[in-house]
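The values are calculated or read from the model by the stated rules, or taken from the named source; none is laboratory data. Everything numeric here is computed off the predicted structure, so don't read it as measured data. No Cβ is skipped: glycine too gets one built from the backbone with ideal geometry, and neighbour counts run over all protein chains shown. The area values use the complete protein model at the heavy-atom level, side chains included, leaving out ligands, DNA and RNA. Shrake-Rupley method; radii C 1.70, N 1.55, O 1.52, S 1.80 Å.
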Amino acid sequence: MNINELTLTAQAMTTAGKGLLAMDESNPTCNKRFAAHGIAQTEAMRRAYRDLIVGAPGLNRSIAAAILSDETIRQQTLAGLPFAQALADEGIVAGIKVDAGAQDLAGHPGEKVTEGLDGLRQRLADYRQLGARFAKWRAVIAIGAGLPGVACIDANAHALARYAALCQEAGLVPIVEPEVLMDGDHTLGMCERVTEQVLHVVFGQLQAQGVLLEGMVLKPNMVLPGLAAAQQDGIDAIADATLRCLLRTVPAAVPAIAFLSGGQSPEMASARLNAMHAPRRLPLPWALTFSFARAIQEPALALWRGEAGNVAAAQRALVHRADCNGAARRGQYSAAMESGA
Ligand code: 13P
């Protein structure tokens, strides 16, 4: 394991004032989002869309790293440059989603386990050749009646830790993403208890597998009430619950925590990240930033609608959301930034 390289890469991915852009939707997920906006679900359109994103002027002002999918890292921009190279030319670190998706966990209805460890060592070596310097693996944990169970948490944490160890062996920084889902009517307190339990188990497994904490990035959910919960707590309650949970579970040796957006609106995701950087909540032991997909991309995708004439407007919307989150990461976001958009 090259400790120096891993540490430097993790720092570069989460450098001050910036965050990550997740643009690693699998083809089925990307197609689903395209379909919702009436965009043709073809390889050419997915390439054109990723070209729009990577070519957005000013993207590197607030984005330090971007997560690609297997299809995109093998594609070239419309100008003929490999996407990973185009990102690197802008000073953006390229990474790759390497999990094979969540499948039903045998014997545990309603629960999932993420697959993809078979053959992962070779795939990581190939992705490094293609320009990736970090990787991502997402586990999903549902809250429901009697859920999550211990078996689901243990199986997902074990897989995350084995993936992370393989990444570090290959010189790639692992993004460890255990996502407690927002679906359901559970309370903020329930999400906090489950997230705390999940992170405890995940860090136990990371320790057991010998993962270098300084050479990884944690990508958790914010602690939130369920989407259908009767009580939708305010920004301060959410910031307090999220930080209390992370301070209890994430060692200070981890350089950075980068939240997923998980289905929050773009504005809420920015406002909640911003609240966590309020002066009275500082200092924090780790950098606290974003690794959003939907909360950065959705407004741009809605504007683009697959039409070349809309590319410039969509790029402005994308960079606006990136800049809002860059400001939130510094505690400098305000609703006024939205009215200027
Ligand atoms: P969202 O921000 O849309 O939740 O996506 C983040 C991600 O990378 C999911 O794995």
Inset, instruction - Pull up the cross-link candidates among the lysines for K32, meaning alpha carbon to alpha carbon under 19 Å and not fewer than 8 places away within one chain. - result: K97
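Taking only protein heavy atoms and a 1.4 Å probe, what accessible area per residue, in Å², does segment 128-171 have with all protein chains in place? Don't skip to the end; give the middle numbers.
Working: 1510 Å² over 44 residues.
I get 34 Å² per residue for this part.
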Legend entry - Estimated 222 nm signal from helices in the chain, with DSSP H stretches of n ≥ 4 weighted -39500 (n - 2.57), rounded to 500: -14000 deg cm²/dmol
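Which loop-located chymotrypsin sites (Phe, Trp or Tyr not before Pro) does segment 126-192 contain, where loop means any DSSP state but H, G, I, E or B and the Cβ has at most 16 other Cβ atoms within 10 Å?
In loop regions of segment 126-192 (DSSP not H, G, I, E or B), there are no sparsely surrounded chymotrypsin sites (Phe, Trp or Tyr not before Pro).
If we count every other residue with Cβ under 11 angstrom of R50's Cβ, Lys/Arg +1 and Asp/Glu -1, where does the sum land? Display every interim value, and only then the final one.
Numbers: positive: R46, R47; negative: D24, E25, E43, D51, E71.
In short, -3.
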Legend entry - Between segment 278-341 and segment 60-74, the alpha-carbon center distance in angstrom: 16 Å
Legend entry - Radius 11 Å from Cβ of A328, net charge of other residues (Lys, Arg +1; Asp, Glu -1): +2
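Evaluate 2.2 N^0.38 Å with N set to the residue count of segment 94-134, then give the Cα radius of gyration divided by it. Working shown, then result.
Details: Rg = 13.2 Å, N = 41, 2.2 N^0.38 = 9.0 Å.
That works out to 1.47 for segment 94-134.
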Inset, instruction - Please compute the net charge surrounding V250, taking Lys and Arg as +1 and Asp and Glu as -1 over other residues with Cβ under 12 Å from its Cβ. - result: +2
Inset, instruction - Treat each spin label as a single point 7 Å out from the Cα along the C-beta direction, and report the S339 to A237 distance in nm. - result: 2.7 nm
Inset, instruction - Please report how far the C-alpha centroid of segment 21-50 lies from that of segment 148-206, rounded to the nearest whole angstrom. - result: 27 Å
Inset, instruction - Would you please calculate the Kirkwood hydrodynamic radius of segment 212-327 over all C-alpha pairs and express it in Å, rounded to one decimal? - result: 15.4 Å
Inset, instruction - Jot down the per residue volume, in cubic angstrom and as a whole number, of the convex hull over the alpha-carbon atoms of the chain. - result: 128 Å³
Inset, instruction - Heavy atoms only, probe 1.4 Å: what % of the accessible area of segment 229-277 goes to carbon and sulfur, would you let me know? - result: 53 percent
